[in-house]
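Peer 1: Dropping a structure here in C-alpha cells format, bear with me for questions.
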Amino acid sequence: LETLDSGCLNSATVCGVDWTTLPDDTVIQLFSYLNYRDRASLASTCRTFRLLGSLLCLWGSLDLRSYKFDTVAAVSLSLRCKNLQRLKFPAAGSADAIVSLQARELREISVISGSA
C-alpha cells in the first residue's frame with residue numbers, strides 16, 4: 001500500500017473521506033469515545049494518530065470491567081497512564097496488575113466484584 005506524507009496508509013481514505021485531514025481536536029474527540037484497546041489500535045495506524053492517541057488527556061480514566069486485565073496489559077498501558085485518575089476494573093485477578101500501571105495521579109478506583 002502507498003503511504004501518504006502524514007505517514008498514514010493510502011487506505012485511510014475510505015468512502016471519499018481522508019481521515020488524516022481531520023482537525024486534531026476532532027481526532028482527539030474520536031479517541032475519547034473509544035475503549036482503551038481500540039484507542040491503542042487506532043493510534044498504531046499512522047504517525048499522526050500515534051501522536052494524538054498518546055496525549056495524556058485521553059488516558060485519565062480507564063474502564064477495564066469488560067476486559068481480562070493482567071500484568072501484560074498493564075505494562076503495555078503504563079506509559080500512557082501516568083496521568084490516570086479514575087480506574088474501574090473487575091476484582092478477579094486484576095489487583096496485582098493495577099500496580100504495574102504505575103499511575104501516580106490515581107484518585108478513584110472502582111472494583112466490581114463478580115466481573116470476568
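Peer 1: Kindly provide the set of residues from the range 12-45 that are modelled with pLDDT under 85 and exposed (fewer than 11 other Cβ atoms within 10 Å of the Cβ), ordered by number.
Peer 2: Val14, Cys15, Gly16, Val17
Peer 1: How many of the residues in the range 42-81 are in contact with a Leu (Cβ under 7 Å, 6 or more places away or on another chain) and part of a helix (DSSP H, G or I)?
Peer 2: Number satisfying all stated conditions: 7.
Peer 1: A further question on this structure: Which ones in the range 83-105 are surrounded by fewer than 18 Cβ atoms within 10 Å (Cβ to Cβ) and at pLDDT 75 or above?
Peer 2: The answer is Asn83, Gln85, Arg86, Lys88.
The values are calculated or read from the model by the stated rules, or taken from the named source; none is laboratory data. Note that the structure is predicted; figures quoted are calculated from it, not measured. As a convention, Cβ positions derive from the backbone with ideal geometry for all residues, glycine included, and neighbour counts pool all protein chains shown.
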